[in-house]
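The values are calculated or read from the model by the stated rules, or taken from the named source; none is laboratory data. Everything numeric in this text was worked out from a predicted model, so none of it was measured. Heavy atoms of the whole protein, side chains included, go into the accessibility calculation; ligands, DNA and RNA do not. Shrake-Rupley method; radii C 1.70, N 1.55, O 1.52, S 1.80 Å.
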Amino acid sequence: MADEHYSRFLEKFVNEGKVSIETVDTAVLRVLQVKLAMGLFEKPYAVPKKVDRKAHVERAEKLAAESMILLKNDKNVLPFPKKTSAALIGPYTFERRGLHGSWALDGYLGASTPNMVEAMDDIVAKEGGGRVMVTGGRLNDDSNYIFSHSNHIVLALGESHEDTGEARSVSDISLSPAQVELCKKARLTGLPTV
């Protein structure tokens, strides 16, 4: 479906004898039998369904918010006190698309989806405090200065929407080694880290 293995390799493999034409015929027959049983030859197009896009996106955002879980709150790090200053670092600091996941093409609203920087700016504007940002996904030469002017560290970690979904699923959902290393370095500062 999402991958291009058949279009890229199947003809070559049949010509090389690695896949028999009978195997291809059997696979095609199975697909055609299912389509026939579902009446797709008599009525090949679905009736368009009107979708309230705004309501759909609002519901998806509500469900996403309800499904988020804070696994640990050691030493009551959260919520941050008002007037705090936080360093924001990680590969997903500026990410928008991945916040919707790999299956949310109809829910992706581009620039209207706040990235971590914009979300933190919004919180600071409402609650007070300050945000110090480390750009990119790694610690750099300015990190010590930035951390010394921060009360907390917020890590923007995870996986790209390009690494999940159809034909992209992984068997190990652990953070990448680089992200684990970033976590360790952030914790070494002694600052409360989220």
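Bridging of residue 35 to lysines at a Cα separation below 17 Å is possible for 43, once same-chain residues fewer than 8 apart are set aside.
Under 22 Å of direct C-alpha separation, and excluding same-chain neighbours fewer than eight residues apart, residue 54 reaches these lysines: 62. Within the same chain, aspartates and glutamates fewer than 8 places from residue 18 are excluded, and of the rest, those with a Cα less than 20 Å from its Cα are 3, 4. Taking only protein heavy atoms and a 1.4 Å probe, the accessible area of region 27-78 is 63% carbon and sulfur. For region 5-84, the share of alpha carbon pairs falling in successive 10 Å distance bins from zero is 12, 17, 16, 19, 17, 12, 6, 0 percent.
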